[in-house]
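Take a look at the structure below.
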Amino acid sequence: MTFKDREEAGFLLADVLKEEVSVRSNPIVLAIPRGGVPVAYVISKELKLPMSIIIVRKLGLPWNEEAGFGAVDPDGSTYLDKDIVNSAKLDAEQIRELAEKELYEIKRREGLFLSSGYPDFRDRTVFIVDDGIATGYTAIAAAGFSKRRGAEEVIIAVPVCPKDSESKFKEVAGKFLCLHQASEFSFAVGMFYRDFHQLSDNEVLSYIKRAKEEGFFEP
């Protein structure tokens, strides 16, 4: 399965998610930036749900930032793949330094994208949306942050993921929905998009502006 772009992936995912929406749970769609923002924008517009952004960051190995071993959330809490941490012989000080670096970027993005802060998650169903999942730790971090902020139910929804990803989320999410579970041995989210350009901050801001003008960005 190949998506034209992130917006097409959002249309297809919205069609699946409509069965999961209950107005009684005061649902909200939370995008993981940058790539999750166009997907979430379309879902919110199609399903007539409010949207916002949840900023988490992958933790990459010091010698290969693309190789993730976990993630950090806006409170500074870390979510780690213990097997990778042990095999890479990462100590607590190294992890702390890497987390602090990524937390700095989280705060920068919060100032840019969330000038009014995070919306109230209490007693709500939150749909955490990204353009795909590789290791899954940014989604796990987003789920953990949402639950600490009082979310009643967390649903993680993505267009594409590696096969058997669902087991990673059993402890943090009530449901995990993925349109295409890929069996390719060498997996990268971009393999499943014809247009997978890296979004700029300005592109993210343009989606936020459109959502605000159309009345569904929260707060």
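The values are calculated or read from the model by the stated rules, or taken from the named source; none is laboratory data. Since we're looking at a predicted model, the values are computed, not measured. Neighbour counts are summed over all protein chains in view; Cβ atoms, including those assigned to glycine, are modelled from backbone coordinates with ideal geometry.
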- Message: Condition first: among the β-branched types (Val, Ile, Thr) and either more than 25 Å from residue 88 (Cβ to Cβ) or touching a Leu at 6+ places or on another chain (Cβ under 6 Å) (or both). Now tell me which residues in segment 27-54 satisfy that.
- Response: 28, 29, 37, 39, 42, 43, 53, 54
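Inside segment 105-115, can you point out the residues that are outside any loop (DSSP other than H, G, I, E, B) and hydrophobic (A, V, I, L, M, F, W, C)? Even if it seems obvious, please write down each step before you answer.
At the first step, the residues of segment 105-115 found to be outside any loop (DSSP other than H, G, I, E, B) are 105-113.
Hits for segment 105-115 are 106, 112, 113.
Here is a yes/no grid of residues against (1) over 13 Å from the mean Cα position of the chain (by Cα); (2) under 21 Å from residue 140 (Cα atoms); (3) among the aliphatic types (A, V, I, L, M):
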| residue | (1), (2), (3) |
| --- | --- |
| 22 | yes, no, no |
| 33 | no, yes, no |
| 60 | yes, yes, no |
| 105 | yes, yes, no |
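Table: residues versus (1) at pLDDT below 95; (2) under 18 Å from residue 198 (Cα atoms); (3) of a type outside the set (Val, Ile, Thr).
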site: 5; (1), (2), (3): no, yes, yes
site: 23; (1), (2), (3): yes, no, no
site: 27; (1), (2), (3): no, no, yes
site: 30; (1), (2), (3): no, no, yes
site: 46; (1), (2), (3): no, no, yes
site: 52; (1), (2), (3): no, no, yes
- Task: Answer yes if at least one residue in segment 160-171 is at pLDDT 95 or above and surrounded by fewer than 20 Cβ atoms within 10 Å (Cβ to Cβ), and no otherwise.
- Result: no
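Answer yes if at least one residue in segment 33-43 is hydroxyl-bearing (Ser, Thr, Tyr), more than 15 Å from residue 154 (Cα to Cα) and surrounded by 15 or more Cβ atoms within 10 Å (Cβ to Cβ), and no otherwise.
Yes, segment 33-43 has at least one match.
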- Message: Just to be sure I understand, how many residues within segment 64-116 are touching a Phe, Trp or Tyr at 6+ places or on another chain (Cβ under 8 Å), among the hydroxyl-bearing types (Ser, Thr, Tyr) and buried (at least 18 other Cβ atoms within 10 Å of the Cβ)?
- Response: 1
- Item | Looking only at segment 172-207, and only at residues there that are of a type in the set (D, E, K, R) and farther than 15 Å from residue 130 by Cα, the one that is surrounded by the most Cβ atoms within 10 Å (Cβ to Cβ) | 203
- Query: Which residue pairs have Cβ atoms under 6 Å apart, sit 6 or more places apart or on different chains, and have a first residue in segment 52-74 that is under 11 Å from residue 106 (Cα atoms) and a second that is modelled with pLDDT of 95 or more and basic (Lys, Arg)?
  - Reply: 55/109; 72/57
